[in-house]
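Take a look at the structure below.
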DNA sequence: CCTGATGTAACTGTAGCAGTTACGACAGGC
DNA sequence: GCCTGTCGTAACTGCTACAGTTACATCAGG
């Protein structure tokens with residue numbers, strides 16, 4: 001499937017902001033984060049903008065501007081990050097409406113919808129078990 | 001994210017083959033299945049070709065050709081169908097290698113990989129709870 | 001006012017999915 | 001042995017989304 005790296009980059013950015021804070025940094029700039037992720041600063045600003053709408057980070061403008069976490073890193077789970085950056089459902093139903101005169105075509109969307117819902121729920125529940133603080137700890141633990 | 005409908009169409013095709021068999025049909029043709037899914041027969045043949053490589057269906061060529069399930073519908077789970085049609089991992093790591101001189105950039109891929117693995121595992125485990133026979137039953141139950 | 005950073009718009013390149021046409025390969029029936 | 005119907009597959013198009021980039025307006029502190 002179309003696997004994208006939005007969750008990866010968002011988690012990286014949040015972990016960097018948190019580590020920077022622990023090192024005494026007031027705020028982190030998109031340029032600094034982009035340097036660690038190895039991408040363009042605009043890509044970071046776009047992603048962090050979605051995280052701000054979700055209430056996970058705050059930004060300051062003007063001179064001495066930058067980003068910081070809106071809540072402790074321990075309380076931000078990857079499930080919240082996922083919800084903030086991936087709005088579309090994981091599985092799509094039919095591109096075109098199936099044949100309603102066929103018993104399968106008529107009922108299959110109603111049959112699959114709860115299955116997909118439960119599967120996404122299981123995915124989110126597992127992501128909820130990891131926080132941004134966990135990501136920082138595990139990253140620093142790599143030799 | 002790029003949600004595609006490959007799992008949906010594959011499940012629909014398998015359910016249709018099973019229902020057709022229960023109605024006395026020897027084999028199902030891609031044209032018949034495409035008529036129920038409301039798509040092109042080539043789309044069906046491509047998808048069923050992947051399911052055949054996974055050992056879920058068999059095809060016969062020549063006159064009177066078509067498709068049938070390789071195993072009872074009760075024993076084919078959506079987790080197997082998902083594995084057959086979606087080879088790529090759900091979450092991608094970084095598009096470009098992160099900055100190795102940064103502690104976060106150096107360790108984050110190793111930190112995220114098991115998290116993503118566990119999340120996908122939870123997804124597959126939930127999909128494994130539904131079989132093609134369940135899909136047929138639930139589809140027919142829709143008024 | 002100057003400076004440095006955010007906030008966006010606009011565009012490009014790339015990739016995958018879905019759809020379509022076309023045609024070769026195959027196997028059974030006549 | 002040819003006809004027919006279906007699979008098997010290549011090739012192409014249109015569409016969408018992600019990632020990257022440039023450009024510029026906006027803002028706030030010094």
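Readers should treat all values here as calculations from the given coordinates under stated rules, not as data from a laboratory. Because the structure is a prediction, the values reported are computed rather than measured. Note: ideal-geometry Cβ built from the backbone for every residue, glycine included; neighbour counts use all protein chains shown.
Data table
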| item | result |
| --- | --- |
| Residue mean of other protein chain beta carbons inside 10 Å, B:120-130 | 5 |
| Rounded, prolate or oblate (a/c below 1.5 giving rounded, otherwise prolate when a/b exceeds b/c) for the protein assembly as shown by Cα gyration tensor | prolate |
| Share antiparallel - DSSP beta bridges, the protein assembly as shown, percent rounded to 5 | 100 |
| Nm distances between copies for residue B:21, ranked from closest, using label points 7 Å along Cα→Cβ | 5.6 |
| Degrees, to the nearest 10: A:41-53 long Cα axis against longest axis of chain A | 70 |
| For the protein assembly as shown, calculated [θ]222 nm from helices alone, where every DSSP H run of n ≥ 4 adds -39500 (n - 2.57) | -18000 deg cm²/dmol |
| Rounded, prolate or oblate (a/c below 1.5 giving rounded, otherwise prolate when a/b exceeds b/c) for chain B by Cα gyration tensor | prolate |
| Peptide B:9-17, shielding by other chains (average Cβ, 10 Å cutoff) | 4 |
| Acute angle (nearest 10 degrees) that the helix B:6-22 long axis makes with the longest principal axis of chain B, alpha-carbon atoms | 30 |
| Shielding by partners, peptide A:136-142 (average Cβ within 10 angstrom, other chains) | 6 |
| Region B:5-87 shape via C-alpha gyration tensor axes, a/c threshold 1.5 | rounded |
| Cα long-axis angle, helix B:103-127 against chain B (0 to 90 degrees, to the nearest 10) | 20 |
| Using a 7 Å Cα-to-Cβ projection, residue B:97 label spacings across copies, nm, ascending | 5.3 |
| Copies compared at residue B:142 - label distances in nm, ascending, label defined 7 Å from Cα in the Cβ direction | 4.4 |
